[in-house]
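Structure, as structure tokens:
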Amino acid sequence: MKYDIAIVGGGPAGMSAALFLKGAGLNVILINSEKSQLKSAWLDNYLGLEEISGPELLEKIKNQLKSREISLLNDEVTDIKRNNKDFSVEMVNNPPIVASRILLASGQKSGLKIAEKLGLSLIENNEPYVKLKVEVDTEYQTSHQDVYACGTLVGVSSQAIIAAGNGAQVALNIISKLSGKRVHHHKTLA
Ligand SMILES: Cc1cc2nc3c(=O)[nH]c(=O)nc-3n(C[C@H](O)[C@H](O)[C@H](O)COP(=O)(O)OP(=O)(O)OC[C@H]3O[C@@H](n4cnc5c(N)ncnc54)[C@H](O)[C@@H]3O)c2cc1C
């Protein structure tokens, strides 16, 4: 099976992007090594939630994705190779999968490794704790065609709601590019 898009990383950025991409009818797979920074966070600033632990928020979002039938793989991506127009995504424990495009949402620190392995352009970042980010264009495409990036990996402020919002924005950019016009995902109250 070939996926329209493979997302690497399942923190708030990657999971938010997955929700929007699947909502637009794309065949999405999200591969996550389960080391989101949220695992050690206690949040009192996530809109709509009074207070919540990071692990509880991650679980809620993961269940939301499962209910939308988004393919989730618990694994670490070790390499991504381009075969003609497609990508082969290699992992530690699963056979490679094929996708037409890649969205990196692998976060900071060890999350930068896969970007380095791909040879993406990395630039200085002016945020606390986060000194490097992946360089992207205005559509959040990286220096490699059809490889996009979002979340703290591209240097947004390290706040869960900002990472989630950025994942949604990048997903809408990709959907809009595929549709040939700007799109939103709105539903009207019945
Ligand atoms: C101690 C602490 C407290 C915090 N408190 C708050 C707070 O109160 N409020 C707030 O808003 N924010 C808080 N944050 C920040 C928040 O957690 C981050 O901003 C947010 O998680 C970033 O989201 P992200 O999706 O960009 O990256 P992450 O959440 O880090 O997700 C990246 C994901 O990519 C995966 N990944 C990386 N490489 C690979 C690979 N090769 N293959 C597969 N998967 C991969 C990782 O396992 C991880 O699951 C806190 C962070 C910390 C560390």
Next on the checklist: Looking at region 57-76, can you tell me whether even one residue there is more than 9 Å from the ligand (Cβ to nearest atom), closer than 27 Å to Gln145 by Cβ, surrounded by 15 or more Cβ atoms within 10 Å (Cβ to Cβ) and of a type in the set (Val, Ile, Thr)?
Outcome noted: yes
Checklist outcome for this item: Lys60 vs (1) without any contact (Cβ under 8 Å) to a residue 60 or more places away in the chain; (2) under 12 Å from the mean Cα position of the chain (by Cα): all pass except (2)
Checklist entry - Does at least one position in region 138-154 carry a residue that is farther than 23 Å from Phe20 by Cα and over 14 Å from the mean Cα position of the chain (by Cα)? => result yes
Checklist entry - Can you tell me which residue in region 158-171 is surrounded by the most Cβ atoms within 10 Å (Cβ to Cβ), limited to those that are among the small types (Gly, Ala, Ser) and either within 6 Å of the ligand (Cβ to nearest atom) or at pLDDT below 95 (or both)? => result Ala163
Checklist entry - In region 144-155, which residues are more than 7 Å from the ligand (Cβ to nearest atom), closer than 19 Å to Glu124 by Cα and touching a residue at least 24 places away in the same chain (Cβ under 8 Å)? => result His144, Tyr148, Ala149, Cys150, Gly155
Next on the checklist: Suppose we keep only residues that are basic (Lys, Arg) and surrounded by fewer than 21 Cβ atoms within 10 Å (Cβ to Cβ) within region 102-140. Which one would you say is farthest from Glu76 (Cα to Cα)?
Outcome noted: Lys131
Checklist entry - Quick check: is even one residue across region 94-101 in contact with a helix residue (DSSP H, G or I) (Cβ under 8 Å, 6 or more places away or on another chain) and not in a strand (DSSP E or B)? => result no
Checklist entry - Looking at this structure, is Lys39 charged (D, E, K, R), modelled with pLDDT of 95 or more and touching a helix residue (DSSP H, G or I) at 6+ places or on another chain (Cβ under 9 Å)? => result yes
Next on the checklist: Please count how many residues of region 139-178 are more than 26 Å from Asn83 (Cβ to Cβ) and in a helix (DSSP H, G or I).
Outcome noted: 14
Next on the checklist: Given the criterion near the ligand (Cβ under 9 Å from one of its atoms), more than 20 Å from Leu112 (Cβ to Cβ), surrounded by fewer than 17 Cβ atoms within 10 Å (Cβ to Cβ) and in contact (Cβ under 8 Å) with a residue 24 or more places away in the chain, identify the matching residue among Asn45, Asn27.
Outcome noted: Asn45
Item to check | Failed condition for Ile123, given (1) outside any loop (DSSP other than H, G, I, E, B); (2) modelled with pLDDT under 95 | outcome: (2)
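The values are calculated or read from the model by the stated rules, or taken from the named source; none is laboratory data. Note that the structure is predicted; figures quoted are calculated from it, not measured. Ideal geometry is used to build each Cβ from the backbone, glycine not excepted, and the neighbour counts take in all protein chains shown.
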